[in-house]
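Heads up, the thing below is written out as structure tokens.
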Amino acid sequence: MTDLVLEQAVTFAAQSASLLTFDSFLLSVAAKIAFALGLFFVVPLVGGYMEHKVMARMQHRRGPVEAGPFGSLQLVADGIKFIQKEDIIPRAADKWVFAAAPGVALVPGMLIFLVIPLGPGVFALDLELGLFYALAISSISVLGILMGGWASANKFSLIGGLRAGGQLIAYELPLILAAITVAVQAQTLSLVGIVEAQSTFMLPGTDINVWFVFPQIIGFGIFFIAAMAELSRPPFDMPIADSELVFGYMTEYTGIKFAMFLLTEYGGMIIMSALMVVLYLGGWQLLPGVPLPGCDGAGGLFDCGWLGTLAGVGITLGKIMALVFVMVWLRVAYPRLREDQLQRMAWIVLVPLALLNLAVVTVAKVVF
Amino acid sequence: MTGHDAVFLLVALFTGGAALLTVTSKNLFHAALFLAATLAGIAGVFLVLRADFLALVQLVVYVGAVAVLFLFGLMVTRAPIGREALDGQNRGLALAVSGTLFVVLSGLIIQSFGGVRAAEVTGPGIREIGIAIFAHWVLPFELLSMLLLAALIGAILLARRESGESGEESVERRIDFGDEPSTEAGAQALPAADTAGELPAGEPVAGGER
């Protein structure tokens, strides 16, 4: 059976080799799952800590200082607190749906970390359909939010769930359209392949290497706005809107289930930032046209020594954290949009703009 | 029985069980959730049969969009929140239709693919699928999308008619990007009498209610 599954995994996956692939099939699987889970449980905490600190500094506060050095273990302490708290289920709630909802929201996030490349060979899988896989899986977590909103048997939760459903459906379209445009320019859906395509993309008529963010600055803007809306983060936090809906679909959740919803949000921030880094910001390339130390594969991005590999991972994580910083900055800087403004912006502004962007890039791709 | 068969059997049992629960569930919302599980299970079946692209399409279209739309629709309508139950009355008819469909489809599938071993199937890559759709079959593909578009526009038109007045555009205050007051008082301040003359006689005036 192992051989058969392995053979299938080879046809389904493996465009380029991962560092986590060993001779033993089971060892490879264990290492890859550990890699994805490790990413999912560690990097979002770093992002969350940064949000605490950055928001505090922007508001002239100090943020967490007591737990651990510079308050860096605050979220770990929060996690321990969440585990200890009483798990309250409202009497009128639909118990099973109520209990399953945070899991349905959380698991897709874990699955996406399987395809996100952090550096040369540092990824669990390089699927031929990597980008499509990430977008398809991420569309499932809406289900968890709707389940939570409905099963709580609370009108604030229901309205929050409704708003979340409408918002996530609306902003998924521009998100996917912007991502498709990148795939058209890169001529591949593999996330590693897109990074490679950026390292070899030259401005037409010259030999200046640029990332996709330059020819597709509109697409990057659309993707960024849509990603913020998909995460329901301020200024797009209408589904939660604490001043009018208590806490939206999360109102009735306590303890570990609430923590799971929270982790879904932080994980989503990392996932969306990582996708933007891979699609638009050159992946683990430090600057356009600059090869990593000790790498001699295509565009100076592959076949690296340990130094180049470490540098690549560091660069990717640095770029991800820079994008998370911008997200936090926008959260602090802008007020919340009204529900109708939010829907109009998606359907009347972003979707036509994304379609136009797709058409222009497709024509340019054929012409040049 | 190989490992492949065992995995297929597990996925098929999951899908079948979820499908059975979809139709036997008394709660509408639960039925929609089981439907989502069934559709996800079908994606799993595609994956076992190495149709990876089809599996992802199944996930994004049916689980991510259709099932979500069902749930969304249920939440807007008066479906009971919580644990109340509903029951349909069309058991016999549903059984007859689905039974016939099952027999016809399984007959066709066995006739077409009866001799092929599932473990030997290898699907085409995404490149081949793309070239097939957008080069060789582009005309049928575009025709199908036109059909979908027509259905979409028809649905919007029908939905609008039902809420408006005999197909005529009702007077409503459009709230722009924060330019105008969005309060209910602002909407009610719109004089209803102005619009009454333009509407056909006997129609209730909806302008003030919006």
Given all pairs of different Cα atoms, what value in angstroms does the Kirkwood hydrodynamic radius of chain A take? 21.6
All lysines inside 27 Å of A:LYS53 as judged from Cα atoms, apart from same-chain residues fewer than 8 positions distant: A:LYS81, A:LYS85, A:LYS257, A:LYS319
Within a 10 angstrom radius of each residue's Cβ in B:18-30, how many Cβ atoms of other chains show up on average? Whole number is fine. 1
Taking +1 at the Cβ of each Lys and Arg and -1 at the Cβ of each Asp and Glu, which of A:ALA77, A:THR200, A:GLY109 sits farthest along the dipole of chain A towards its positive end, judged by Cα position relative to the Cα centre? A:ALA77
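So how do A:SER28, B:SER112 line up by other beta-carbon neighbours within 10 Å, fewest first? Don't skip to the answer; put the middle values down first.
Details: A:SER28 17, B:SER112 9.
Ordered by Cβ neighbours within 10 Å, fewest first: B:SER112, A:SER28.
Within 10 Å of each Cβ in A:164-173, how many Cβ atoms from other chains are there, averaged over the peptide?
Working: counts 1, 7, 2, 0, 3, 5, 0, 0, 4, 0.
Across the residues of A:164-173, the mean count of other-chain Cβ atoms within 10 Å is 2.
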Report ³J(HN,Hα) in whole Hz for each residue of region B:43-56, in order, from the Karplus equation J = 6.51 cos²θ - 1.76 cosθ + 1.60 where θ = phi - 60°; Gly and Pro get x. 4, x, 4, 4, 5, 4, 8, 6, 9, 5, 4, 4, 4, 5
Length gained, B:VAL103-B:ASN90, 0.36 nm per residue minus C-alpha separation, equals 2.7 nm
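Find out how many positive minus negative residues lie around A:MET269, taking Lys and Arg as positive, Asp and Glu as negative, among other residues whose Cβ is under 12 Å from that of A:MET269. Please report the intermediate quantities before stating the final value.
On the way: positive: A:ARG233, A:ARG331; negative: A:GLU51, A:GLU230, A:GLU265.
In short, -1.
Counting Lys and Arg as +1 and Asp and Glu as -1, each charge on the Cβ, what is the dipole of region B:1-123 about the Cα centre in debye, to the nearest 20? If you can, show how the numbers build up before the last one.
Working: 6 positive and 5 negative charges, 50 e Å.
With Lys and Arg at +1 and Asp and Glu at -1, about 240 debye.
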Distance from the Cα centre of region A:300-350 to that of region A:19-52, in angstrom? 20
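Which whole number gives the average, over all residues in B:48-56, of C-beta atoms from other chains lying within 10 Å of the residue C-beta? Walk me through the intermediate numbers first.
On the way: counts 1, 0, 3, 0, 9, 4, 0, 4, 9.
That average works out to 3.
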Please list A:33-39, A:119-125 highest first by mean number of surrounding beta-carbon atoms within 10 Å per residue. A:119-125, A:33-39
Using a Förster radius of 35 Å, what is the FRET efficiency between B:ARG160 and B:VAL66 based on their Cβ-Cβ separation? Nearest 0.05, please. 0.95
To the nearest 20 debye, chain A has a Cα-centred charge dipole, built from +1 on Lys and Arg Cβ and -1 on Asp and Glu Cβ, of 1080
Lys/Arg Cβ at +1, Asp/Glu Cβ at -1, dipole of region B:1-123 taken about the Cα centre: which of B:LEU108, B:ALA36, B:SER25 is farthest positive-ward? B:SER25
Read phi for every residue in region B:110-116 and hand back ³J(HN,Hα) as whole Hz from Karplus 6.51 cos²θ - 1.76 cosθ + 1.60, θ = phi - 60°, with x for Gly and Pro. 5, 5, 7, 10, x, x, 7
Cβ neighbours within 10 Å, averaged per peptide: list B:92-99, A:319-326 in order, most packed at the top. A:319-326, B:92-99
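Highest mean first, how do B:103-111, A:229-237 rank when packing is the count of other Cβ atoms within 10 Å averaged over residues? Spell out each step's value before the answer.
Working: B:103-111: 9.8, A:229-237: 21.8.
Sorting B:103-111, A:229-237 by mean packing, highest first, produces A:229-237, B:103-111.
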Per-residue ³J(HN,Hα) for region B:96-101, Karplus 6.51 cos²θ - 1.76 cosθ + 1.60, θ = phi - 60°, Hz, x for Gly and Pro: 5, 4, 5, x, 4, 4
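Every number here is computed from the coordinates shown, using simple stated rules; none is lab data. Since we're looking at a predicted model, the values are computed, not measured. FYI the Cβ positions are ideal-geometry reconstructions off the backbone, even for glycines, and counts take in every protein chain you see.
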